[in-house]
1. Between segment A:654-699 and segment A:205-281, what is the separation of their alpha carbon centroids in Å?
2. How do B:144, A:207 line up, fewest other C-beta atoms within 10 Å first?
3. Name the long-range amide H neighbours of residue B:100: under 5 Å, sequence gap of 5 or more, or other chain; modelled H, no Pro or chain starts.
4. Counting each DSSP H run of 4 or more residues in the protein assembly as shown as -39500 (n - 2.57), what helix-only mean residue ellipticity at 222 nm follows after dividing by all residues, to the nearest 500 deg cm²/dmol?
5. Counting C-alpha atoms alone, how compact is segment B:90-230: give Rg to one decimal and Dmax as a whole number, in angstrom.
6. Can you work out ³J(HN,Hα) from phi for every residue in segment A:427-438, in order, using Karplus 6.51 cos²θ - 1.76 cosθ + 1.60 and θ = phi - 60°, giving whole Hz and x for Gly and Pro?
7. Ranking request for peptides A:347-356, A:48-57: highest mean number of other beta-carbon atoms within 10 Å first, then the rest in descending order.
8. Let me check against my output: what whole-number percent is the relative contact order of segment B:31-260, with C-alpha pairs under 8 Å and at least 6 apart?
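Derivation of every value follows stated rules applied to the coordinates shown; laboratory data play no part. Predicted model, so just to flag it, every value in this text is computed and none were measured. Counting neighbours? That spans all protein chains shown, and the Cβs are built from the backbone with ideal geometry, glycine included.
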Amino acid sequence: MFESLFSFLFKYPREYYVEGELIPQTWGQPAVVVGILLVGLALIIISALRSRDELHPARLIAIGALQLTVLCVGLAMLMQPVLEVEELRPQDNKVVVLVDTSRSMALSDDGEISRLQGILPTLDLDILQPLEESGYSLELQSFDGSVENVEQLLSAGAQDRSLITNQLTAALRGASNQSVAGLILVSDGADNSNELNELWFSQLQSFGVPVHTLGVGREVMTEDMEISAVNLPDSAIPDANLRAEVTLQSGTARQSILKVYDGDRIVASEPVELPGEGRKIQQSISIPTGDVGVRHLRFVLDPGADEYNTQNNELRHSLTVAQTQPRVLYVEGEPRWEYKFIRRAIEEAGFVHLHGLVQTSTNKSYRQGIDSPEQLENGFPSTRDELFNYQGLIIGSQQAAALSQDQIALIKDFVDVRGGSLLMLGGLSGLGDGGWQNTVVADILPLQLIQGDADTFVRVQTPAYATAAALRSPWLRFADDEIENQDRWNLLPEIADYQIVGEARPGATVLMEVQHSQGTSPLLAYQRYGRGKTYVLASGGTWRWQMQMPSEDQSHEIFWQSLLQEMISEVPQSIDFQTDTNWYMDNSRIEVSANIRDPGFEPSGNAQVTVRVEDSAGQTQNIELTPVAAEPGTYRGTALVDNEGLVQLDMSATLGETELDPIRLFAERSDGRMEYFNTAQNSGFLKRLASVSGGSYFTADTAAGILDEMRFSNSGITERDWLVLWNMPFVFILLLMLKVSEWMLRRRWGRL
Amino acid sequence: MRSLIFLICVLCASQLLAQPRSLDFFQGTQSSTQKESLSVTPPPDSEFSFVRLTYDQSLNSYGRRAPWRTDWPEAETHFLQGISRLSVVESADQARSVRLTDEAIFDYPWLYAVDVGKWSLTAEEAAGLREYLLRGGFMIVDDFHGSYEWQVFQTHLRKAFPDRPIVDIPEDDPLMSVMFDLDQSIQIPGIRAYNSGQTWEQDGYDPHWRGLYDDNGRLMLAINFNMDLGDAWEHADDPGYPEPMTSLAYRFAVNYVIYAMTH
């Protein structure tokens, strides 16, 4: 309606005024126009002066203004302005219409017909026919190749993957030697090519061809639930509980059950609340690793009754369970109950090998859990090789002065360079009372240590309060249920003692606090430092949680097992081997990378790294990984695996004469899966694509506007035209209205 | 008949005297601090505390005073001095005493019970002992001798652990080497036995280091059978008591403490 009215009043459609350039004068010299204007103005003034006794001055000015406006409009018409437009010549240009025929376009938005079937009438009636009638030469393409007509699109082979970037680049490249007015992309915007980046957008822009996008499909799939990602390590130790972070989303708010299968057996199950509107949430679920071997885990979200795309309710992850027990060194400067009870809690879980070094007398230490009689023979490690052999380090009630400066510097390097985790406990000789505030170790801790001579260790039983961060923490939980978790925190008995420490550092997370006469003090906190993490638990009295609660209660064990598991969970090994993902859906490229460091954890750039890849059909290939210049110690390679099924990757490496420990990983290849994920229309991508290339985004409702948009394309062969504006109806209507207004005023004031 | 009445009177009197109560009842010779140490159980003021188990005397045993307080207070005084001298364990100056029904017992993961050949545990106390040991507490029983006292001890221990076997502590158990390498073959005698020229009492001729282990192979209860380490600690300053026995008893004491705090 608006567009029609605009065209009537201004003689031409709005696009002409947007795209065209206004040339205000094509007749007469400026001096002539100015002369006429001055003469007209003089006549208006004289006329007003003659009537000055009969009309109030304000009325005279109003009449004069109307007359002056009429004079200006008249002069504008006299100047004969034109609109210069550059318009495509349809008969000389071609339009490429690229239709997404990937598997996601075969999905249904209404449960009856596919997206492709649904958009074809619009494509035919609102785009193809008008373009053809306008004289454009049309080229219709599917992702499978050229087609003659829209009917053939339905029989085009459905592609497993939406490779919009690849298809679009190919189409633009194919049309580069022709006069193309534009390209129309009909798609849901689901691109699974992994090539969507800024470089690609720059390339798209360089073609100079506007891409108009016609978005297909709903932007929110109300009935659909999806598991978008599973974050879980590729390997784990046996008989441990591994926490997986699962990303879930749903079109509408609803409840479901997340289940984890190992084969056909359910190994974990968790009710989930999905917020709806496509908002993603992270759900933690604890998975028992079981025996040594490979777990082919399937994460499955129970489908809703109205959900017909259930393919995206499942994600898989292969987990290699191997007997590699991380090692933690626990050093105490005096025998303490805390040591005993931590040791008991950890031993029961069995996921970590705890080496104890407890000073028992002035000249003696008790070594516990060591691998050989020589280990820790000289007390605390004094070389990188010895200390870096551990993943975690716990320092209890230990005087800093009992260690050399080199040993203290080694502790800092253990975190910073090796990437290990350091936990410092409170105690009679712990933290500030142990002199640690004057060492480099104080700089890496999440809590500031108090300077001064006053004792900060207090042997008073006191409650430990969980902070909001602790209650939200996915790894420090007594129960998966929020309320039960909070209740169990509240039920914990008082700890036996605490140590007053300073404020938390800016990057630290405080999980527990104590209240005392001087206020509130952090009790448990952690932060990242360098490649590793540091923790402070300013107490040596959590053992009361074990002695004060029934023997069947596992709170103390859960706390320490969770803390130790978190400490060692992300500690890098000297040899690290990984794939870019775990489940290769419609993707045959397996990118593998290895990071090789020497026992002192210095990057090794001269290693020979080979990966033997065996697919499900038994076909093998050996990939030599090449060093990455910008990342010392890193080696990369690519394996192409076409066969679906399980893929076994065995990395072997030699460093000089030394053969390093081999690492085995598993991945899975599947085809025809990816298109069932992210099925909602990605309008954001389609809009950006159009905007970057100079085109516009359309929906089925606005598709008819493509023809007008195409008319002023900067691409293709165009012709220049000058459109006369002086005779547009708006001008005459305006003049008429001005004179009628003057007449009515004069009549009202009795001065006709 | 007169003898029988006299015997009954003696038994009743000894039973009455054996009931735990305020120590003022017994004698006025101890210092007020020592009295306090056995009459209340405040929270720990040090990492390690010597805690003596208070229990009721068995009905079929008798004695001049309550058996649970045998060797008190010199035994713990010398024990704590020895621990401080031979190790870096931060130990309390004052000992404590506590019943198995007292919740305060769970603040002290180390417990000493003496003369357990005369002890008697109620069902509630037995449950407390079981819970104490299963949560991680460590207990030493000492100074009981011969088959009869063993029978009494075992009968009441079985109320707490009906099926868990009592076993000889192997020579390679960490207890025997955690700080000092200990010799299990030496019988540490009580002073009266030693003064009478022997190392044994009743028919307890051979020393036995026995124990009760938890499901993970950790010693929960150390049993000094046919021995009297309490006397060896108590008479550490007695020239009449052999010094090597005291030294050995101190070493066992240190090992018991270090073991309890590391296992």
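1. 15 Å
2. Values: B:144 28, A:207 20.
In order of increasing Cβ crowding within 10 Å: A:207, B:144.
3. B:54
4. Taking each H run of at least 4 residues, the total per residue is -9000 deg cm²/dmol.
5. 15.2, 43
6. x, 4, 10, x, 6, x, 6, x, x, 6, 5, 9
7. A:347-356, A:48-57
8. On the way: 440 pairs, mean separation 51.3, N = 230.
Result for segment B:31-260 is 22 percent.
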